[in-house]
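S.K.: This is the structure I have questions about; it appears just below.
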4 protein chains.
Amino acid sequence: MKAIVDLTIIPLGIGVSLSKYVAACENILSDAGLTTQLHANGTNIEGDWDTVFAAIKQCHEVVHQMGAPRIFTTIHVGTRTDRDQSMDEKVKSVQAKLR
Amino acid sequence: MKAIVDLTIIPLGIGVSLSKYVAACENILSDAGLTTQLHANGTNIEGDWDTVFAAIKQCHEVVHQMGAPRIFTTIHVGTRTDRDQSMDEKVKSVQAKLR
Amino acid sequence: MKAIVDLTIIPLGIGVSLSKYVAACENILSDAGLTTQLHANGTNIEGDWDTVFAAIKQCHEVVHQMGAPRIFTTIHVGTRTDRDQSMDEKVKSVQAKLR
Amino acid sequence: MKAIVDLTIIPLGIGVSLSKYVAACENILSDAGLTTQLHANGTNIEGDWDTVFAAIKQCHEVVHQMGAPRIFTTIHVGTRTDRDQSMDEKVKSVQAKLR
């Protein structure tokens, strides 16, 4: 089952600068062979359900190991059985309808 | 790794009534032995990371089998290494501070 | 326009204990006359769109005043034009379909 | 108060194709003079709190007028008082730390 996911990881108890933790997660997702797109509020991910969620679990493990005692994460997951659709196609489908 | 999760599953393409799909997911979570609390905008879940996410994957599989061609799900996940905390303790910690 | 909302406010840069900030927001929502239900991962709110969002803005203002330099908030909003539905009815609609 | 927002609008009861509704919202955000970045799972928005949330309310009104009887929306909102930060700076701050 293919999933298109938006991941936002918020480490708590380590101050206000989160970017080094987000960068560590980007590396984990990349090492997992996943297609990703970093954006201003999270990271979009396209891939097999199990691969995506194994990588997200590893992100929690690594961010804790980096010193964050608490993590709050939001995940948006889309799956569909009617047709295959990539992240790029989702964006283009909207762009084609802008006036 | 223990996780406290808030799960909102939105089946698309099946009309505006979502409750039978949500009920099917409740049964899946319950069968997985997870502690759950249904609320007006989702379901809170407390349990082992792997058990929780295996059940969420099964929810997607079952809701597709029930006829939903597309699913959009939001997941909030909290983990912490500083101490163990239950869902009930989270609520009581806030209630104790209300004026 | 009536909205049913799930609000999760995460103050950053103030350590790992968030409950006093959440309690301050509960008081704001209550003072605004809104119907609320605190749960383990947020607060469900039922009310007029403008009243709800004015209160959420006030939550951000107050949590900053309490000392949080950064806030990350998630909001789930449901609106519908086909019929009126309360938070309690949403929960009961699912419960009636559990096996 | 400046806000950086991630907006995902999910119209329900209109089938599985959501792009024309998302495009209508993009036009509303653009007409409001807001800085936006469409991505595969939503739209990032940077602007004054009141302008952003007035536009989001208008999105709900217009998507209902277009025929969607029910809407489920997720909003991520970030505010900070310690310093000004743009959406581009958030992305660059992570990219600078990738290996």
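Since every read-out is calculated from the coordinates, none of them should be taken as a lab result. Model, not experiment: these values are computed from the prediction. So basically every Cβ, Gly included, is an ideal-geometry build from the backbone, and we count neighbours across all protein chains shown.
S.K.: Among the listed pairs A:K57/B:K57; B:K20/B:K57; B:K97/C:K90; C:K2/C:K57; A:K2/A:K57; C:K20/D:K2, give every one whose C-alpha distance is greater than 19 Å. Provide the component values of the computation, followed by the final result.
M.R.: On the way: A:K57/B:K57 14 Å; B:K20/B:K57 17 Å; B:K97/C:K90 28 Å; C:K2/C:K57 17 Å; A:K2/A:K57 17 Å; C:K20/D:K2 24 Å.
From the list (A:K57/B:K57; B:K20/B:K57; B:K97/C:K90; C:K2/C:K57; A:K2/A:K57; C:K20/D:K2), the Cα-Cα distance tops 19 Å for B:K97/C:K90; C:K20/D:K2.
S.K.: Consider just the alpha-carbon atoms of chain A and return their Rg together with their Dmax, both in angstrom.
M.R.: 14.7, 48
S.K.: Follow-up. Trypsin sites (Lys or Arg not before Pro), restricted to the range B:41-86: which are DSSP loop and have at most 12 other Cβ atoms within 10 Å?
M.R.: B:R83
S.K.: From the phi angles alone, apply the Karplus equation (6.51, -1.76, 1.60; θ = phi - 60°) to the range C:42-47 and give each ³J(HN,Hα) in whole Hz, x where the residue is Gly or Pro.
M.R.: Once rounded to whole Hz, the list reads x, 9, 7, 9, 10, x.
S.K.: Treating the beta-carbon of each Lys and Arg as +1 and of each Asp and Glu as -1, no other charges, what is the dipole magnitude of chain A about its Cα centre, to the nearest 20 debye? Mind showing how you got there, number by number?
M.R.: Values: 10 positive and 11 negative charges, 82 e Å.
That gives chain A a dipole magnitude of about 400 debye.
S.K.: Moving on to the next point. For B:V16 and B:Q37, compute 0.36 nm times the residue count separating them, minus their Cα-Cα distance, and round to one decimal in nm.
M.R.: Taking 0.36 nm per residue and subtracting the Cα distance, the gain is 5.3 nm.
S.K.: Along each of its three principal axes, how wide is the spread of alpha-carbon positions in the protein assembly as shown, in whole angstrom units, largest first?
M.R.: Sorted largest first, the three principal extents are 44, 42, 40 Å.
S.K.: Run the label-point distances for A:D88 please: 7 Å along Cα to Cβ, every other copy, nanometres, shortest first.
M.R.: Distances between equivalent label points, in nm: 2.4, 5.3, 5.3.
S.K.: Rounded to whole angstrom, how close does the nearest chain B beta-carbon get to the axis mapping B onto C, and which residue is it?
M.R.: Axis relating chain B to chain C; nearest Cβ residue and distance: B:H39, 2.
S.K.: Out of A:A68, A:T51, A:Q85, whose Cα points farthest toward the positive end of the dipole of the range A:2-95 (charges: +1 Lys, Arg; -1 Asp, Glu; placed on Cβ)?
M.R.: Of the options given, the answer is A:A68.
S.K.: Rank D:Q65, D:Q85, D:Q37 by mean-square fluctuation in a GNM of chain D with C-alpha springs under 10 angstrom and give only the top-ranked residue.
M.R.: Evaluated over chain D, the most mobile residue of the options is D:Q65.
S.K.: Now a separate question. Could you tell me which helices of chain C pass both thresholds, a Cα extent of 20 Å or more along their own axis and a mean Kyte-Doolittle hydropathy of at least 1.6, with helices taken as whole DSSP H runs?
M.R.: Numbers: long enough: C:49-65 (24 Å, 0.01).
Passing helices, by number: none.
S.K.: Still on this structure: Expressed as a rounded percentage, what relative contact order does chain A have, with Cα pairs under 8 Å and six or more residues apart?
M.R.: 43 percent
S.K.: Under the definition of partner shielding as Cβ atoms of other protein chains within 10 Å of a residue Cβ, what is the mean value for peptide A:17-25?
M.R.: Across the residues of A:17-25, the mean count of other-chain Cβ atoms within 10 Å is 5.
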